[in-house]
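A short write-up of the structure that comes next.
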Amino acid sequence: MESPEFHEITLKINGRVHQLSIPSNWTLNDVLRNRLDLTGTKRACDYGGCGSCTVLMNDVDVYSCSILAVEAQKKEIQTIEGLGDSENLHPLQKTFALSYAAQCGWCTPGMIMSAKALLDRNPRPTESEVRAALSGVLCRCTGYSSIVQAVLDAACVMRGET
Amino acid sequence: MRQELFTVGKPVPPIYGIEKATGTLRFPADVNLPNMLWMKILRSPHAHAKILDVDAAAAQKLPGVVAILTHNDVPRVLFGPYQNEIYPLDEEVRFVGDTVAAVAAEDWNVAEEAVRAIRVTYHVLPAIHDAESGAKPDAPDAVLNYPEAHEIQAGDIRPEQLGTVGNIIGLREGGPTVVNERGDVERGLEQSDVVVERIFRQSEVNAVSHEPRACVALYENGKCTLWCSVQDPYRLQDSVARVLNLPMDAVRVVATNLGGAFGVKVTGRFAILCALLARQTGKPVKIWFTREEESLDSHNRSALTHYVKAGANKDGSLTAIKVRTFLDNGYWPYGGLGQNIAFAICTRPIDLYHRCPNVKWEVFAVRTNRPSTGPYRGRADAESHFPIESVMDELAHSIQMDPIEFRLKNRIHEGDDLCSAPKKVVSTVWVEEAARKGAETIGWERRASLSTSSQGARKKGMGMAMVIHSCGSNPAGTSQAEVTIDSEGRISLFSGTADQGSEQQTTLRQMVAEVLGVRLEEVGGCNADTLTCPFDSGPFSSRTVYATGIAASRAAEEAKRKLLEGASLLLDEEDGNLDIGINFVWARSDSSKRVRLGELARLAGGSISGKGIYNGKNDQLFAYGFAAAFAEVEVDVETGEVKILRLVSSHDVGRAINPMIVEGQILGGAAQGLGYALSEGFYFDPRTGTALNQWFLDLHTPSILDTPNIEPVIVELGEPTHPFGAKGCSEISYVGVAPAIANAIYHATGARVTELPMTPDVVLKALQDARRSIV
């Protein structure tokens, strides 16, 4: 196999526009992690099986390892870094951090981004709706209960009910 | 110790929580350095072969390739936890996926292309694909070149690890690796009122840590720094120093946070080769495993076969346990420690059923041409409890006794001597309390009438299992800790343990804050950086909260003593009249007499520090963790599907330093145990040794839809050998789930499932066997 050729691309990530020259076979995950140092987005499986690499593309939760960077042009991409920081936590980040819903932390960014997509379209999910919406992201540490609870708690906060 | 506790026992938020939830925490895979090269590994397509020739000329010429290492280019130095791993690269390859060569290139595309361009000529050798075949006297050798075959410097290796007869690890001619024997097992069986005989088979399983292993190595000015996904940074430091022939202080390993580890992220070839390439190229080098590599180049739980025969009398006394176990060790058990796991398998369940007078348990730990096996969560006890707890259930059923009462009648008691820890006695045993509280939680009294609520093909049942597992009292390890107070009054804990997700630093800092009498927010520190933190054997065997906890408490005690001594002189008060609180040492009688902690540090020359060490080698008391698992299931007898209605995991934790973390560990362990029970197996082609399901989804770890809301139960009755009464509990909840579910299926259907994982086809076969035995 020949080494891939380079492409000039433009990506809009967390509201910022980036002009990049990248190999054509690079995924969005490769660009985030290795060109833009946005290493909050993880990878655990390489092929869309685990969900650790989940980001939002036009508000839909997608696997960044399964989208070529060239395909992500002209889309609004949001990563965990764009959701909030330690000074200004998103309610999901806060409930995950405080309730030990993030054990090793590897699936956490993907889990939170997938939960964000859910809460943006359904601010009042039931437990089974949370489980269905997060079923594309796997966790090896928690047994999931604390994650479901963190999402339900964040939904309450976002509705102004606490 | 004060009666009233301020921080210990509180569910304080984990210290790394915010960094994890904002994605700002840097794992080894997240380290990127300027001018960094990417490393890729060429892996063996054969289960067993000798490399005759490696032709890397074409690969070397590719633009962007900087260096290639083959077995001809690396120092022939042993490495690994006990210096008993053979060379960083060897001419013998021992499993499909073994390391053949390593490439460093300017990007990973080029590195991959170069790996494909390397031409290797192999002489294929006979291979061993399962333990029982490998144990036969005429079996070919699974591994030809192993450290015992070489001259080893005295002191490099512990004598009990030496010696192998054929593929069986151990010293006995043709015999088992380990045998645990007492009484007369044959007579015991003959004289039993009832005897149960079964064969159990368990598949190999992978830990499936979500972070694939990564290493970034930087070599500058004769010093090597590695950011690496390992639980044993000090052993990696030692191995890199040996292979690169550097003094220990020229090697620094940072392993502060890992994305899950579960016991298996240990010193390996990939990291040593990364360091060698960094030195050779003069540039930083990074390797980050693919999922396939993470599955293959790991340490799996062994595949096992157990031949079990056990007897009991009608009064509920256990009379005899006879087991012969074949353990597939893979090409190389972690650290060469095949004996250790074999020993734990045949002794711990016997300690749990201490009252059983007649025992013979033989374990054959056998080398095969499979990936390495090692200390995955619940090590040894997950392996042994499935057969033993299944047989206990059946014995209880045969004598029509309640399975809980039968177990409790034969259980271990405080002060009993231990065959799993010779010359030691068990300190506390809160297993009865765990079993009773768990039974109450699930509603054990409903069990008798549960079958009446079964509908059609869906049968309901309830089962339980009792468990013993290490809780940190492990004489093989050492933990050190240091607590410092600087001239600003800041308190720091330095500990060598990596946080692989169990947030031990939170728990350790809670203990330090409690000893010093300060608020948790005032305690900072760092962990698992060999440059700044004192030695720790690492977070294995649920040992951190116990072993490192004792070391950290001792360090804090020493620092406190120095603070009080300093304050006593300055304030002219007896030590006993002084107290520490919010940045000051105060005189109890007169609160205007006080001095800042920082001031005391300044007067002492800039810093006050206390050191603590724990190694339980000479302690006579040995602490064990105990648990009971309960499952309520619904079995579809037409499809073989098992639905978990309830899962209760009840634990003797001594004392929960942080109940939120303790519950989180119990839930996580039980969820992994659920995967081991129902869906997870790591399979290989029995003719070629090629992995069949090394990819993520094919390993079938439980998803959010497969995992019920597991119910944790915590029993806190203390443990006198720990300053706060704690026992480690991060693994034990894994162990009981599979046998509890198997016993619930038996209760629901009368079918005894003897194979893991209990996939629908396995359950259907058990149902057919049960029907046949009735006819």
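Values computed for the structure shown
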{"item": "Residue in the range B:360-378 that is under 26 Å from the mean Cα position of the chain (by Cα), of a type in the set (D, E, K, R) and part of a helix (DSSP H, G or I) present", "result": "no"}
{"item": "Residue among B:100, B:110 that alone is touching a Gly at 6+ places or on another chain (Cβ under 7 Å) and among the aliphatic types (A, V, I, L, M)", "result": "B:110"}
{"item": "Meets criteria (closer than 25 Å to residue B:31 by Cβ and at pLDDT 95 or above) for residue A:46", "result": "no"}
{"item": "The one condition in (1) surrounded by fewer than 20 Cβ atoms within 10 Å (Cβ to Cβ); (2) modelled with pLDDT of 95 or more; (3) not in a helix (DSSP H, G or I) that residue B:405 fails to fulfil", "result": "(3)"}
{"item": "Hits in the range B:91-101 (condition: without any contact (Cβ under 8 Å) to a residue 60 or more places away in the chain and farther than 12 Å from residue B:54 by Cβ)", "result": "B:92"}
{"item": "Residues that are touching a helix residue (DSSP H, G or I) at 6+ places or on another chain (Cβ under 6 Å), outside any strand (DSSP E or B) and surrounded by fewer than 24 Cβ atoms within 10 Å (Cβ to Cβ), drawn from the range B:294-320", "result": "B:316"}
{"item": "Every pair of residues 6+ apart whose Cβ atoms lie under 6 Å, when the first sits in the range B:498-520 and is farther than 11 Å from residue B:8 by Cα and free of Cβ contacts under 8 Å to residues at least 12 places away in the same chain while the second is surrounded by 24 or more Cβ atoms within 10 Å (Cβ to Cβ) and of a type outside the set (A, V, I, L, M, F, W, C)", "result": "none"}
{"item": "Total residues in the range B:4-14, condition surrounded by 18 or more Cβ atoms within 10 Å (Cβ to Cβ) and either among the hydroxyl-bearing types (Ser, Thr, Tyr) or within 10 Å of chain A (Cβ to nearest Cβ) (or both)", "result": "4"}
{"item": "Members of the range B:739-754 that are outside any loop (DSSP other than H, G, I, E, B) and of a type outside the set (Phe, Trp, Tyr)", "result": "B:739, B:740, B:741, B:742, B:743, B:744, B:745, B:747, B:748, B:749"}
{"item": "Failed criterion for residue B:338 (all others in (1) surrounded by fewer than 24 Cβ atoms within 10 Å (Cβ to Cβ); (2) modelled with pLDDT under 95 hold)", "result": "(1)"}
{"item": "Single residue of the range A:72-107 satisfying the filter (more than 17 Å from the chain's Cα centre (by Cα) and over 19 Å from residue B:503 (Cα atoms)) that is surrounded by the most Cβ atoms within 10 Å (Cβ to Cβ)", "result": "A:73"}
{"item": "Residue check for residue B:752: without any contact (Cβ under 8 Å) to a residue 12 or more places away in the chain and not polar (S, T, N, Q)", "result": "no"}
{"item": "Every pair of residues 6+ apart whose Cβ atoms lie under 8 Å, when the first sits in the range B:27-48 and is touching a residue at least 40 places away in the same chain (Cβ under 8 Å) and in a loop (DSSP other than H, G, I, E, B) while the second is surrounded by 21 or more Cβ atoms within 10 Å (Cβ to Cβ) and among the acidic types (Asp, Glu)", "result": "B:27/B:211; B:44/B:98"}
{"item": "Count of residues meeting criterion [aromatic (Phe, Trp, Tyr), crowded, with 20+ Cβ neighbours inside 10 Å and over 14 Å from residue B:277 (Cα atoms)] in the range B:35-86", "result": "1"}
{"item": "Residues being of a type in the set (D, E, K, R) and in contact with a strand residue (DSSP E or B) (Cβ under 8 Å, 6 or more places away or on another chain) - total across the range B:716-764", "result": "4"}
{"item": "Among the candidates A:110, A:136, A:143, residue that is crowded, with 24+ Cβ neighbours inside 10 Å and over 18 Å from residue B:710 (Cβ atoms)", "result": "A:110"}
{"item": "Exclusive hit being basic (Lys, Arg) and over 16 Å from residue B:352 (Cβ atoms), set B:407, B:447", "result": "B:447"}
{"item": "Residue tally, condition among the basic types (Lys, Arg), buried (at least 19 other Cβ atoms within 10 Å of the Cβ) and more than 21 Å from the chain's Cα centre (by Cα), over the range B:721-775", "result": "1"}
{"item": "Residue selected from the range B:15-34 under the condition over 30 Å from residue B:511 (Cα atoms) and facing another protein chain (nearest Cβ under 9 Å), by the criterion surrounded by the most Cβ atoms within 10 Å (Cβ to Cβ)", "result": "B:29"}
{"item": "Checklist (1) touching a Ser or Thr at 6+ places or on another chain (Cβ under 9 Å); (2) outside the structural domain of residue B:84 (by TED's automatic domain parsing); (3) polar (S, T, N, Q) applied to residue B:231, failing item", "result": "(2)"}
{"item": "Answer from B:728, B:718 - the residue that is out of contact with any helix residue (DSSP H, G or I) (no Cβ under 6 Å at 6 or more places or on another chain) and either in a loop (DSSP other than H, G, I, E, B) or in contact (Cβ under 8 Å) with a residue 60 or more places away in the chain (or both)", "result": "B:718"}
{"item": "Positions within the range A:14-40 being touching a helix residue (DSSP H, G or I) at 6+ places or on another chain (Cβ under 7 Å), within 7 Å of chain B (Cβ to nearest Cβ) and at pLDDT 95 or above, in sequence order", "result": "A:39, A:40"}
{"item": "Matching residues in the range B:685-699 - criterion: being buried (at least 19 other Cβ atoms within 10 Å of the Cβ), within 14 Å of chain A (Cβ to nearest Cβ) and of a type outside the set (Phe, Trp, Tyr)", "result": "B:694, B:699"}
{"item": "Neighbours by Cβ (under 8 Å, 6+ apart or cross-chain): first from the range A:7-29, in contact (Cβ under 8 Å) with a residue 24 or more places away in the chain; second among the hydroxyl-bearing types (Ser, Thr, Tyr) and assigned to a loop (DSSP other than H, G, I, E, B)", "result": "A:7/A:24; A:13/A:79; A:14/A:79; A:29/A:41"}
{"item": "Wholly within the range A:54-158, helices (runs of 4 or more DSSP H) carrying at least 2 residues that are under 25 Å from residue B:665 (Cβ atoms) and facing another protein chain (nearest Cβ under 9 Å)", "result": "A:91-98, A:108-121, A:127-133, A:145-158"}
{"item": "Filtered residue count, the range B:241-293, keeping only those that are in a loop (DSSP other than H, G, I, E, B), surrounded by fewer than 24 Cβ atoms within 10 Å (Cβ to Cβ) and within 14 Å of chain A (Cβ to nearest Cβ)", "result": "4"}
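The values are calculated or read from the model by the stated rules, or taken from the named source; none is laboratory data. Small disclaimer: the values here were computed from a predicted structure and weren't measured. So basically every Cβ, Gly included, is an ideal-geometry build from the backbone, and we count neighbours across all protein chains shown.
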